[in-house]
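Trainee: I'd like to ask some things about the structure below.
Any read-out appearing in this document is the output of simple, stated calculations on the displayed coordinates, not a laboratory observation. Bear in mind that the values here come from a model prediction, so they are computed numbers and not experimental data. All Cβ positions, even for glycine, are placed from backbone atoms using ideal geometry, and neighbour counts span all protein chains on display.
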C-alpha cells in the first residue's frame, strides 16, 4: 500500500555520504521535530534527475527554507558512494541531504517502488516529492508515466 497524507514515515535506517564515507542515518534523525522537503529520484546521474529534478531543489532551496523547510533531502535506490559522487558532481548541493536507500527498504515500505528492469536498472523508486512535518506526511506528489511535473521543487514550493 502506498503511503498517504497523514501517515507517518516508517522507522528505518538509510545511509548518507560524508567526507569520512557512508554514515547510517535513521528516519528519526531525518524527520523528528523537523519540516523536511523530501524528493525521490529513480537514479542518481540519470538524465531528468540530473538536468531538472535536483537542480530545481538547489535553485529553490532558499525559498523552500524561507517557507519553513528545515531540511531538503534527496533519496534514491542507489548506494551511498553513488549518492556521494552525484553530490560532488553537482554544483550547489551543499544544502541537500543525500540519502541512499541502497536496498530499497524504505522505498518498499512507502509503497513507491518502480520496476525499472526493462531499462536494466532493477527495482528503483518512483519519482515523487513530499513535505514531512515531524515525521508525518503533509503533502505527497507522485509522478505517473515517467512525467516530471508534480515532484518538482516549484510545485512543492507552491504548496507551502
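Trainee: Bin by bin, in steps of 10 Å, what percent of the Cα pairs in the chain do you find, going until the bin that has the longest distance?
Mentor: P(r) for the chain, in whole percents per bin: 11, 46, 39, 5, 0.
Trainee: Where in region 57-93 does the label zone of residue 45 land, with the point 7 angstrom along Cα→C-beta and an amide N cut-off under 17 Å?
Mentor: Only 76-91 fall inside the zone, counting backbone N under 17 Å.
Trainee: I need 130, 1 ordered by Cβ neighbour count within 10 Å, fewest first.
Mentor: Ranking 130, 1 by Cβ neighbours within 10 Å, fewest first, gives 1, 130.
Trainee: Still on this structure, please answer the following. Taking only C-alpha pairs under 8 Å that are 6+ residues apart, what is the relative contact order of the chain in percent? Provide the component values of the computation, followed by the final result.
Mentor: Details: 325 pairs, mean separation 49.8, N = 160.
It comes to 31 percent, rounded to a whole number.
Trainee: Sum -39500 (n - 2.57) across every DSSP H segment of at least 4 residues in the chain, then divide by the residue count to get the 222 nm mean residue ellipticity, nearest 500. Please report the intermediate quantities before stating the final value.
Mentor: Values: 6 runs with 40 residues, N = 160.
Rounded to the nearest 500, it is -6000 deg cm²/dmol.
Trainee: Once the Cβ-Cβ distance between residue 18 and residue 109 is put in as r, and R0 is 22 Å, what FRET efficiency do you end up with, to the nearest 0.05?
Mentor: Numbers: r = 24 Å, r/R0 = 1.10.
The calculated FRET efficiency here is 0.35.
Trainee: Under a plain spin-label model, where a point goes 7 Å from the Cα along Cα-to-Cβ, how far apart in nm are residue 11 and residue 147?
Mentor: Each label point is offset 7 Å from its Cα along the Cβ direction, giving 3.7 nm.
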